[in-house]
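The values are calculated or read from the model by the stated rules, or taken from the named source; none is laboratory data. Everything numeric in this text was worked out from a predicted model, so none of it was measured. Reconstructed Cβ throughout: ideal geometry from the backbone, glycine too, with neighbour counts over all protein chains shown.
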Amino acid sequence: MRTDERIPVKKKVVIVEDDPGIREAYQIIINGSRGYETAATYGNVEALLKDIYKVLPDIVIMDVGLPGINGVEGTFQIKKVLPYIEVVIMTVYEDSKVVFESLKNGASGYISKSSNYMELLNALDEIGKGGAPMSSRIARMVVKEFYASGSNLLTRRETEVLQLIAGGKTYTQIAEELSISKETTKVHTRNIYRKLQANTKAEAVSIGFEKKIITR
């Protein structure tokens, strides 16, 4: 070997999983890879948080259904103390609420436990490139939820107008609050009706709440 040839530094991975068999399987996969090594394994989030400054992992593979602090809250706690750590959720929970809450709390990816070992390693590689890996089933669910939520239906201004309509504001009041003309307010309202397929203010507001475009 040439004297100037350097051995690449492997990224440190921590596994948080309460099933010993799954922990061991993940550990074998990671330690058998070229770019990663298992720094430590834990059965719960509390144990990791106690050691976090000692272990200083690059990536945490996190289960959701853990005893004590669950993986969703655990992700938030980890990112709060060491924001640079990448957290990959790997779980059987394919629930949109859990997925979105995990991502909101700072998770870098969400992989189903039904994924094979190559999908896991590819997810770790993708994170290293700045990506946000998701297994195909999770990605489809996220896309479906996104469209179902209606978040893509209205523009930012139309959403503001609908929120004010829901608050009982008149066209004149909305125009004054948003610093636009009354006629522009009416145009936005007509667009809202068309996009939401509504015929009245009450119907538009009801659909807005249902699709979570606006809040109560």
Practice problem: Give ILE127, ILE165 a once-over and let me know the one that is assigned to a helix (DSSP H, G or I), modelled with pLDDT of 75 or more and under 20 Å from VAL13 (Cβ atoms). | Solution: ILE127
Self-check item: Selection within region 85-121 - over 13 Å from the mean Cα position of the chain (by Cα) and without any contact (Cβ under 8 Å) to a residue 12 or more places away in the chain
Solution: ASN116, MET118
Exercise. Evaluate the following for LYS201: is it on the phi > 0 side of the Ramachandran plot and either touching a residue at least 12 places away in the same chain (Cβ under 8 Å) or of a type in the set (D, E, K, R) (or both)?
Key: no
Exercise. Test LYS97 against the criterion of being modelled with pLDDT under 80 and either closer than 19 Å to GLY74 by Cβ or not small (Gly, Ala, Ser) (or both), and give yes or no.
Key: yes
Quiz item: Residues in region 64-91 that are among the hydroxyl-bearing types (Ser, Thr, Tyr) and either touching a Lys or Arg at 6+ places or on another chain (Cβ under 7 Å) or assigned to a loop (DSSP other than H, G, I, E, B) (or both): how many?
Solution: 2
Quiz item: Do you know which of the residues in region 75-98 that are among the β-branched types (Val, Ile, Thr) and surrounded by fewer than 15 Cβ atoms within 10 Å (Cβ to Cβ) is farthest from LYS54 (Cα to Cα)?
Solution: VAL92
Exercise. Kindly indicate whether GLU183 is out of contact with any Asp or Glu (no Cβ under 9 Å at 6 or more places or on another chain), under 21 Å from ARG194 (Cα atoms), at pLDDT 85 or above and surrounded by fewer than 17 Cβ atoms within 10 Å (Cβ to Cβ).
Key: yes
Quiz item: Would you pick out the residues in region 125-140 that are crowded, with 17+ Cβ neighbours inside 10 Å and touching a Pro at 6+ places or on another chain (Cβ under 8 Å)?
Solution: ILE127
Quiz item: What is the number of the single condition among (1) in a helix (DSSP H, G or I); (2) modelled with pLDDT of 85 or more; (3) aromatic (Phe, Trp, Tyr) that PHE146 does not meet?
Solution: (2)
Quiz item: How many residues does region 190-205 hold that are in contact with a helix residue (DSSP H, G or I) (Cβ under 9 Å, 6 or more places away or on another chain), surrounded by fewer than 19 Cβ atoms within 10 Å (Cβ to Cβ) and assigned to a helix (DSSP H, G or I)?
Solution: 5
Quiz item: Which one of these is surrounded by fewer than 17 Cβ atoms within 10 Å (Cβ to Cβ) and at positive phi: GLY68, GLY32?
Solution: GLY68
Exercise. Would you point out which residue out of ILE61, ILE28 is assigned by TED's automatic domain parsing to the domain that holds PRO133, closer than 19 Å to ASP125 by Cβ, among the aliphatic types (A, V, I, L, M) and in a helix (DSSP H, G or I)?
Key: ILE28
